[in-house]
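Encoded as structure tokens, the structure appears first; notes follow it.
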Amino acid sequence: MVSDDADVLVIGAGLAGLRCAGVLAAAGREVRVLELGDDVGGRVRTDAIDGFLCDRGFQVLNSAYPELRRAVDIPALGLKPFGAGVAVRRERSAAIWAHPLREPLRVPAMLIGGGIRPTDVLALSRWGIAALRPGRLTSPERPDTTLAAALDRARVRGEVRRVVDRFLAGVLLEDTGSTSNAFSLLLARMFLRGVPALPAEGMQALPRQLAAPLDDRIALNYPVTRIERSADGWDVWGSDGVTHAPNVVVAAGPVDAATLTGSAQPATHGVVTDWWASDDIPTTPPMLWVDGRADPAGPVLNTAVISKAAPSYAPPGRHLIAASALLDSSGAAPPEAVTRQHAGAIMGIDSRNWKPLIRNVIPHALPAQPPPLRARRPVRLGDGLWWCGDHRDTASIQGALVSGRRTAEQILAT
């Protein structure tokens, strides 16, 4: 049985739970973390398969996230950045749409033959200018709306619209444009300020660093079945009995958190990510690829040769490829052969000999973020009962970390 001497029990060792527990422990509180899985990380996990590192779902880390700098030692992660921009499969060719601030010398080529016209630049500027002023993403005169409506209003059209839609669909995990435009602009701001990257040892290096100071306070393989109010706190029913604490923080995923707390389940989006190994990959930029064609040949939202950006993800002389697609309305994923063929077509690579390594089907990968944006949802459920996670903040690594810290600070203030 987990020790009853804890002041706070945190259920879930994902990013939010670990951040919450870390802040509490640093303040001198007796905290214990109960984790259902066999390792820390929650949705941020990495599997080692035949010498390859396969994250559970395609995930990237943006060092521009403000909370990341507060929570971890970023240099210790050994971040391996992707190329600054996006590679686009066009109707008859491919083009690199470079980050204009980080790769300004590429901008003339983009305007001459890359599919971006001066009118497109103006339209994107009309949409994205608010990202430079995060405190004024909305106003009484211009309330938050959906991403699709905002792009329509800015007259973002044609090939540029298709690329923006498909790139953001891979980030937001929905392809209808129903996400809050204010939230989309916050993400655009992060992409302007930083470049997506991968830790050298996989995305799970992030939660493992958060967990390191808490190592002896974390109980793995510990399922929690229910929480009940007691006279002087809360009883937590687990795999080996009942544990008591004055404060309980539910930091499980959004579905399990709702079940344990009796709260409404947050809406979520699902995704499937396929991982393949290959011995022969032609020269291709270390960038994320999207299909900018009017009639894409398959369901893939984005794909990349991961080992081009992060060589440590593959054994020497071999390559690792990933591609992600949405689940359909029934929660079903497209066949692996279909995503493999489409990923190869997007990058202009023969994919017939790619070896499947693992398929991650994640039904509740990301909380939905519809308008109007509510970046700070309550984390207190009752006297001594709390919950945290990206469903209480913004649907991102940044949001998970902020939510964990916010919950810890409110506990410390009581």
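Values quoted throughout were computed directly from the atomic coordinates according to the rules given, and no laboratory measurement underlies them. Model, not experiment: these values are computed from the prediction. Every residue, glycine among them, receives a Cβ derived from its backbone with ideal geometry; neighbour counts consider all protein chains shown.
Shown for the chain are the DSSP H helices of 20 Å or more along their axis, judged by Cα atoms, with a mean Kyte-Doolittle hydropathy of at least -1.0: 158-172, 397-413.
Among Ser396, Ser312, Ser93, the residue with the largest mean-square fluctuation in a Gaussian network model of the chain, with springs joining Cα atoms closer than 10 Å, is Ser93. Relative contact order, whole percent, for the stretch 37-109 stands at 13, derived from Cα pairs under 8 Å and 6 or more residues apart. Spacing of the modelled spin labels on Asp295 and Asp279, each 7 Å from Cα toward Cβ, amounts to 3.8 nm. Spacing of the modelled spin labels on Arg142 and Ser312, each 7 Å from Cα toward Cβ, amounts to 4.2 nm. When DSSP beta bridges are restricted to pairs lying wholly in the chain, around 75% turn out antiparallel. Between Ser329 and Ile112, the contour length at 0.36 nm per residue exceeds the Cα-Cα span by 74.1 nm.
Taking 30 Å as R0, compute the FRET efficiency from the Cβ-Cβ separation of Asp235 and Ala267 and round it to 0.05. So the FRET efficiency works out to roughly 0.50.
Give me the compactness ratio for the stretch 1-73, meaning the Cα radius of gyration over 2.2 N^0.38 Å.
For the stretch 1-73, the normalised Cα radius of gyration is 1.31.
Taking semi-axes √(5λ) of the Cα gyration tensor in Å as the quantity of interest, determine which of (1) 46, 24, 19; (2) 38, 25, 18; (3) 32, 28, 20 was computed from the displayed structure. Working out semi-axes √(5λ) of the Cα gyration tensor in Å from the coordinates points to (2). The H on the amide N of Ile218, modeled in the peptide plane, is under 5 Å from the matching H of Val33, each at least 5 residues off or on a different chain.
One chain, two ends: Arg157 and Arg92. Fully extended at 0.36 nm per residue, the span grows by 21.5 nm beyond their Cα-Cα distance.
Take the Cα of Asp350, step 7 Å toward its Cβ, do the same at Ala212, and the gap between the two points is 4.5 nm. Once C-alpha pairs closer than 8 Å and six or more residues apart are averaged by separation and normalised to the residue number of the chain, the relative contact order reads 26 percent. From helices alone, the chain scores -8500 deg cm²/dmol at 222 nm; the rule is -39500 (n - 2.57) for each run of n ≥ 4 DSSP H residues, then divide by the residue total.
Here Arg226 and Ser178 are evaluated by their C-beta separation; at R0 = 41 Å the FRET efficiency comes out at 0.75.
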